[in-house]
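Below is one structure, written out as C-alpha cells; the observations come after it.
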Amino acid sequence: MKRHEVLVIGAGPAGLSAAIEAAKNGMDVAVFDENARPGGQLFKQIHKFFGSKEHHAKERGFNIGKDLLKEARDLGVKVYLDATVMGIYYDKEILVNHNGEVDHFKGDTIVIATGAAENMVSFKGWDKPGVIGAGAAQALMNLQGVQPGEKILMVGSGNVGLVVSFQLLQAGCQVAAVIDAAPRVGGYGVHASKVARTGVPFYMKHTVVEALGEDKVEGAVIAEVDDHFQPIPGTEKTLDVDTICIAVGLSPMSQLADNAGCEMKFLPKKGGNVPVVNEYNETSMDGIFCCGDVAGIEEASSAMLQGKIAGSTASYKNGYIDEDEWQQSVEKYRASLEQLRTGMFAPQNKGRTDMTETDEGIPLSKSLLAKGYVTDEELAEFPACSTKVSGVHPVIECTQNIPCDPCQDACKFGCIKVGSNISKLPVINPEATCTGCGMCIASCSGQAIFLVNEDYEDGFATVALPYEFLPLPQAGDKGKALDRSGKPVCDAEIVSVKSSKVMDMTNILTMKVPVEYAGTARFYRA
Amino acid sequence: MRIAQHPILGTYEKGQKVHFTLDGQDMVGYEGESIAAALHAAGVMTHRYTAKQHKPRGIFCAIGRCTDCVMIVDGQPNVRTCITELKEGMNIQTQYGVETKEAWEAKNK
C-alpha cells in the first residue's frame with residue numbers, strides 16, 4: 001500500500017486546482033486519472049474562456065490546462081495516468097487499476113473530481129456509425145486532428161452544442177443546422193451568434209427523428225416538436241449530413257462519492273445525482289471533498305475555484321495552514337466564485353424561462369433565443385450598439401448578462417466599462433476616444449465586439465470583426481459581407497488583416513462595405 | 001479527413017508515419033494517435049458488428065467510456081480503439097460479436 005496525504009481522483013480543472021492548492025501549502029498530493037493524458041476536458045477546449053482575469057478569462061482552455069499541469073508538476077504533485085479508481089473504502093483507502101494491476105493507496109483526504117459524462121438521446125438509427133457525442137467530435141478534431149465528418153447536424157443548443165458547432169466550422173466542416181427540442185437557445189447568446197452569422201440555421205423546437213443510411217449516417221430527418229416534445233407529423237425535414245453530433249447535456253459522474261458513502265441527492269438543477277457538499281465542498285463524509293462537475297454541472301472556471309476551496313480546507317484540517325490563512329483564502333476564492341455565479345446563466349437560474357429583460361431593464365432579444373441572432377431593431381435598444389457615432393468606435397453586441405469582463409481591461413483608453421459586477425452589460429464611455437486598435441475585439445470571448453467607422457470614405461464604412469478561420473483573407477480580397485443571420489447582404493473588400501501574439505489567434509479583419517450596411521454587415525465570406 | 005492546418009491549433013504534433021493492417025489491408029497512420037482516429041481519417045466507419053443483431057458500430061464517445069469502437073487488436077478482442085495508441089505493424093480486425101469474422105461466420109453458418 002502506498003500513502004499520500006491527499007488523494008485526488010480526476011486530473012481535470014477541479015482536481016488539478018485542488019492538488020495545486022494543497023501542494024502549495026506543503027501537502028503530499030497524488031492525482032489519479034483513468035485517461036492516458038491529464039487535463040480532463042480542458043485540452044479539447046480551444047475557445048477563449050469567460051469570466052474575469054482571475055478566472056483565466058480570454059485564455060483558451062487548452063492553454064489553461066498546460067499551465068495547471070506545469071504548476072502541479074512544479075509543486076511535486078504525483079500524477080498517476082491510466083489509473084482508474086475502482087472504489088473508495090473505509091478510512092480513506094482507495095483501489096486503483098493502474099497499468100493492469102490493482103494498487104492500494106491510503107490518504108488523509110480524498111478529493112473526488114471525476115467530472116461528468118455526456119447525456120444521450122435515442123432515435124431511430126442512433127446506434128449507426130456517424131452518430132457521435134459532442135465530446136467525440138472535439139476529441140477527433142481538437143486532439144487528433146481529424147475531421148469528425150463533412151456535414152454535421154448538431155443536436156443541442158447549450159454551450160457545448162454551440163461551442164462545438166463553432167469548432168467544427170473552424171476544423172473546416174460544414175454545420176447543416178443546430179437543433180434543440182427546447183423553444184429557446186440554451187447556451188450563451190454570443191456563442192449562438194458567432195455560429196449563426198456564418199450562415200448556420202437554428203431550428204428550435206425540433207428534434208432528430210431518424211438517422212438515415214445503411215451502414216453509416218447518410219442523412220438526418222428532423223421534425224418540429226409539440227409542447228410535450230413529441231414530433232409533429234408532417235413537419236419532417238431531411239438534412240444532407242454524414243454526421244449527427246449529440247450535445248444534450250451532462251450528468252455528474254458521482255458513482256465514487258455514492259460508493260464512498262457520501263450523502264447523495266438528486267438535483268435536476270445540478271444535472272442529476274450529486275453528493276451533498278457544504279460551503280467548503282466537503283461531503284457528509286469527513287475529509288472527502290467533491291468539486292467540479294461531479295458536484296453539479298457548471299463551467300470549468302467554477303470547477304477550478306471549487307478545487308482551490310477544497311484544497312485550502314484540506315490544508316487547514318490537516319494543520320498545514322492556520323485558521324486565518326484558511327479563512328482568507330477561502331473568502332477570496334468564494335468571492336471569485338460568486339462573481340461567476342451571477343447573471344442569467346447562473347446555476348440558480350438554470351431552466352428559467354421567465355426572464356424578459358436584462359438586469360439593466362433592456363428587453364432580451366427574442367430572435368436570439370429562437371434563431372441565434374439579434375435583429376437590428378432589438379439591438380437598437382442596447383446602448384453599446386449605437387452606430388451613430390463619428391469616427392471609428394466599438395459596437396458591442398453583448399445582450400445577455402454573462403459573467404465576463406475582459407473587454408474593459410482590454411481598452412487602454414477607457415472606452416469600455418463593465419464595472420465590478422462582471423455580469424453587467426458593457427457600456428461605452430462617450431468621452432473616451434477609440435483609436436481602433438482592436439484589442440477589445442480580440443479580448444471578447446464571445447466574439448461580440450466590432451469596430452465600426454461610418455466615416456471611412458465617401459459612401460463607405462469599415463467594419464472590423466474577429467476572425468478565427470482558415471484561409472485567412474488578405475488585404476485587397478473581395479467577397480460578400482454577411483449579416484447576423486449569415487445572409488449575404490453586400491459586397492465587401494478587406495482593407496486590413498491584423499494578427500498578433502497578444503490577440504492569441506483571433507485575427508481582426510477590417511472590411512469595407514457601403515455605409516448603409518455598417519450596422520448589419522458582421523461576417524465576411526470570400 | 002485530416003486537418004492540415006487549424007486556425008487555432010496550427011499543425012498537429014504527430015509521431016512517425018506507421019503502417020498497420022485492417023482486415024489484412026495495408027493502412028497508414030501516425031504513431032501515438034488513436035487507432036480510431038487513424039481509421040476515421042481513412043474513412044473507416046464500422047469498427048464492429050453487434051453479436052445478436054449484426055448491426056454496425058463505430059466511434060461514439062471517443063473517450064473510452066461507451067465501448068462502441070472496440071475491435072480486435074493483435075488478436076485481442078474488445079480493445080477500445082479510441083484510447084489505444086496506434087503502433088507500427090498493428091494487426092487490426094473488425095470485430096464480429098466478440099470474435100473475428102471467420103470465427104463468427106463459422107459459428108453462424
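Can you bin the protein assembly as shown into rounded, prolate or oblate? Criterion: square roots of the alpha carbon gyration tensor eigenvalues sorted a ≥ b ≥ c, rounded for a/c under 1.5, prolate for a/b above b/c, oblate for the rest. Oblate is the answer for the protein assembly as shown, as a/c is 1.5 or above yet b/c matches or exceeds a/b. Shown here are the Rg and Dmax of the Cα trace of the stretch B:17-107, at 12.1, 37 Å. Sort the stretch A:375-434 into rounded, prolate or oblate with this rule: let a ≥ b ≥ c be the square roots of the eigenvalues of the Cα gyration tensor; rounded if a/c is under 1.5, and if a/c is not under 1.5, prolate when a/b is larger than b/c, oblate otherwise. Cα axes put the stretch A:375-434 in the oblate bin. When A:TRP326, A:TRP126 are compared by accessible area at a 1.4 angstrom probe, the order from most to least is A:TRP126, A:TRP326.
Note on the stretch A:456-480 and the stretch B:35-107: Cα centroid distance 47 Å, given to the nearest whole angstrom. Taken residue by residue and averaged, Cβ atoms of other chains lying within 10 Å of the Cβ of B:32-38 number 4. For the stretch A:194-298, a crude dipole built from +1 on the beta carbon of Lys and Arg and -1 on the beta carbon of Asp and Glu, taken about the Cα centre, is about 380 debye to the nearest 20.
Does the stretch A:131-246 come out rounded, prolate or oblate by the C-alpha gyration tensor, with a ≥ b ≥ c the root eigenvalues, rounded set by a/c under 1.5 and, if not, prolate when a/b is larger than b/c and oblate if not? Oblate. With contacts taken as Cα pairs under 8 Å and at least 6 residues apart, the stretch A:131-246 reaches a relative contact order of 30 percent.
Within the straight-line cut-off of under 15 Å between alpha carbons, the aspartates and glutamates reachable from A:LYS128 are A:GLU210, A:GLU214, A:ASP215, A:GLU218, A:ASP242, B:ASP68, sequence neighbours fewer than 8 places apart in one chain being disregarded.
Put simply, chains A and B cover up around 2800 Å² of each other's accessible surface, both sides summed, when a 1.4 Å probe is used. Each residue of the stretch A:29-45 is assigned a 3J(HN,Hα), and the resulting list reads 10, 10, 10, 10, 9, 6, 8, 6, 10, x, x, x, 8, 4, 6, 8, 8 Hz, derived from the Karplus form 6.51 cos²θ - 1.76 cosθ + 1.60 (θ = phi - 60°), x at Gly and Pro.
Report the FRET efficiency, 1/(1 + (r/R0)^6), for A:ASP286 and A:LYS478, where r is their Cβ-Cβ distance and R0 is 56 Å, rounded to 0.05. Rounded to the nearest 0.05, the efficiency is 0.25. Between beta-carbons, use under 10 Å as the cut-off and find the net charge around A:PHE166, counting Lys and Arg +1, Asp and Glu -1. Residues near A:PHE166 contribute 0 overall.
For peptide A:132-138, the mean count of partner chain Cβ atoms within 10 Å of a residue's Cβ comes to 5.
Descending by average beta-carbon neighbour count within 10 Å, the peptides A:486-498, A:506-518, A:159-171 line up as A:159-171, A:506-518, A:486-498, the highest first. Straight-line cross-link reach from A:LYS205 at under 18 Å between alpha-carbon atoms covers these lysines, not counting any fewer than eight positions away in the same chain: A:LYS237, A:LYS366, A:LYS371. Contact order for chain A, expressed relative to its length and based on alpha carbon pairs under 8 Å spaced 6+ residues apart, stands at 14 percent.
With 30 Å² as the minimum drop in accessible area between chain alone and full protein complex (1.4 Å probe), the qualifying residues in the stretch B:6-23 are B:HIS6, B:PRO7, B:ILE8, B:LEU9, B:TYR12. Can you tell me, using C-alpha contacts under 8 Å and at least 6 residues apart, the relative contact order of chain B as a whole percent? Relative CO of chain B lands at 27 percent. For the residue pairs A:LYS194/A:LYS417; A:LYS70/A:LYS501; A:LYS48/A:LYS424; A:LYS151/A:LYS487; A:LYS308/A:LYS501; A:LYS44/A:LYS151, the C-alpha atoms sit more than 27 angstrom apart in A:LYS308/A:LYS501.
Would you mind counting up the charge near A:VAL515? Only other residues with Cβ under 11 Å from its Cβ, with Lys and Arg at +1 and Asp and Glu at -1. Computed value for this residue: -4. Taking only protein heavy atoms and a 1.4 Å probe, the accessible area of the protein assembly as shown is 50% carbon and sulfur. Using Cα positions and a limit of under 18 Å, work out the aspartates and glutamates in reach of A:LYS512, with same-chain residues fewer than 8 apart set aside. Partners within reach: A:GLU454, A:ASP455, A:GLU457, A:ASP458, A:ASP477, A:ASP483, A:ASP491, A:GLU493. Largest first, the residues A:PHE105, A:PHE43 sort by 1.4 Å accessible area into A:PHE43, A:PHE105.
The values are calculated or read from the model by the stated rules, or taken from the named source; none is laboratory data. Predicted model only: the values in this text are computed from it and were never measured. Glycine also receives a Cβ, built like all others from the backbone with ideal geometry; neighbour counts cover every protein chain displayed. Accessible surface is based on the protein model in full, side chains and every heavy atom, while ligands, DNA and RNA are left aside. Shrake-Rupley method; radii C 1.70, N 1.55, O 1.52, S 1.80 Å.
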